[in-house]
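Heads up: the structure comes next, in structure tokens.
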Amino acid sequence: MRPSRIISVVFHPVFMPLIGVCLLLNYGGWLTEIDPSGKRSIYLIVSLTTLMMPLLIMPVLLKTKIIHSYLLFDREERRIPLLLTALMYLTGAYLLQRVDAPILLSLFLNGSSLIILSLVVINWRWKISMHMAGIGGVTGMLLAISIRWMLEVEPIIAILFLVAGFVGFARLKDNDHSPAQVYAGYLLGFGVNFLLILLV
């Protein structure tokens, strides 16, 4: 497998919510002080609703011929998987509220679902990079938190910017997207979560 393809797999959008929550619970100031049982509940909810459930529906969509490839190269095929994923993210945000998790975590999942719904609308006419929207969403969320609550997460944000560069390069190298689609995806993900968390 080519290095560019490995980067695209490792930093696939489906992993981004769990990565974002993991960063918050380990480097997010007061969020790191949540008791271990609380953290386990949060990880379980986020893992089930943003990772396992979206992955489990893909074989069903493939078997029913709603999609023809797990890679979703065709923008027409992205609609139903993205809509179902957004619904699962919203379910995750609701469950986090039910277990009294910090509101910031459910806000992050709500923002991520808003990014996905925006991708659905844009992909109706133009293919945009979901990979870049995913990494952009995590970066925007952390930057907004660092500004709003004075958390010292600058090294993590710097690493995320670097990772975004690698992911963008990989998407271009594999001819999956044009430069405009890569930049637009990143700005969409970054902007939605940044503004949502900064302003709400």
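The values are calculated or read from the model by the stated rules, or taken from the named source; none is laboratory data. Values in this document were obtained by computation on a predicted structure and should not be read as measured data. Cβ: placed from backbone, ideal geometry, glycine included. Neighbour counts: every protein chain shown. Surface accessibility is based on the protein's heavy atoms, side chains included, excluding ligands, DNA and RNA. Shrake-Rupley method; radii C 1.70, N 1.55, O 1.52, S 1.80 Å.
Taken over the stretch 46-71, residues that are surrounded by 14 or more Cβ atoms within 10 Å (Cβ to Cβ) and in contact (Cβ under 8 Å) with a residue 40 or more places away in the chain amount to 5. Of the residues making up the stretch 102-122, at least one is of a type in the set (Val, Ile, Thr), more than 15 Å from the chain's Cα centre (by Cα) and surrounded by 15 or more Cβ atoms within 10 Å (Cβ to Cβ).
If the condition is being modelled with pLDDT of 90 or more and more than 19 Å from Phe190 (Cα to Cα), then the stretch 10-32 contributes Val10, Leu25, Asn26.
I'm checking my understanding of the structure. Among residues of the stretch 137-164 that are in contact with a Ser or Thr (Cβ under 8 Å, 6 or more places away or on another chain) and either buried (at least 17 other Cβ atoms within 10 Å of the Cβ) or of a type in the set (Ser, Thr, Tyr) (or both), which one is modelled with the lowest pLDDT?
Initially, the stretch 137-164 is screened for residues in contact with a Ser or Thr (Cβ under 8 Å, 6 or more places away or on another chain), giving 137, 152-154, 157, 160-161, 164.
Okay, now just the ones that are also either buried (at least 17 other Cβ atoms within 10 Å of the Cβ) or of a type in the set (Ser, Thr, Tyr) (or both), so 137, 153, 157, 160, 164.
Details: Gly137: 97, Val153: 85, Ile157: 94, Leu160: 96, Ala164: 97.
Filtering first and then ranking leaves Val153.
The residues of the stretch 173-191 that are over 16 Å from Arg75 (Cβ atoms) and open to solvent by 30 Å² or more (accessible area, probe 1.4 Å), listed by number, are Lys173, Pro179, Tyr183, Tyr186, Leu187, Phe190. Residues of the stretch 1-45 that are assigned to a loop (DSSP other than H, G, I, E, B) and either open to solvent by less than 20 Å² (accessible area, probe 1.4 Å) or in contact (Cβ under 8 Å) with a residue 24 or more places away in the chain (or both): Arg2, Phe11, His12, Gly28, Ile34. Scanning the stretch 144-165 for residues that are touching a residue at least 60 places away in the same chain (Cβ under 8 Å), more than 15 Å from Phe11 (Cα to Cα) and assigned to a helix (DSSP H, G or I) turns up Ile145, Trp149, Ile156.
Going through the stretch 77-94 one residue at a time, which ones are hydrophobic (A, V, I, L, M, F, W, C), farther than 18 Å from Leu107 by Cβ and open to solvent by 20 Å² or more (accessible area, probe 1.4 Å)? It would help to see each step written out before you state the result.
Of all residues in the stretch 77-94, those hydrophobic (A, V, I, L, M, F, W, C) come to 80, 82-84, 86-88, 90, 93.
Pick out the ones that are also farther than 18 Å from Leu107 by Cβ and you get 80, 82-84.
Of everything in the stretch 77-94, those that are hydrophobic (A, V, I, L, M, F, W, C), farther than 18 Å from Leu107 by Cβ and open to solvent by 20 Å² or more (accessible area, probe 1.4 Å) turn out to be Ile80, Leu83, Leu84.
No other residue among Glu33, Glu77 is of a type in the set (Asp, Glu) and out of contact with any His (no Cβ under 8 Å at 6 or more places or on another chain) apart from Glu33.
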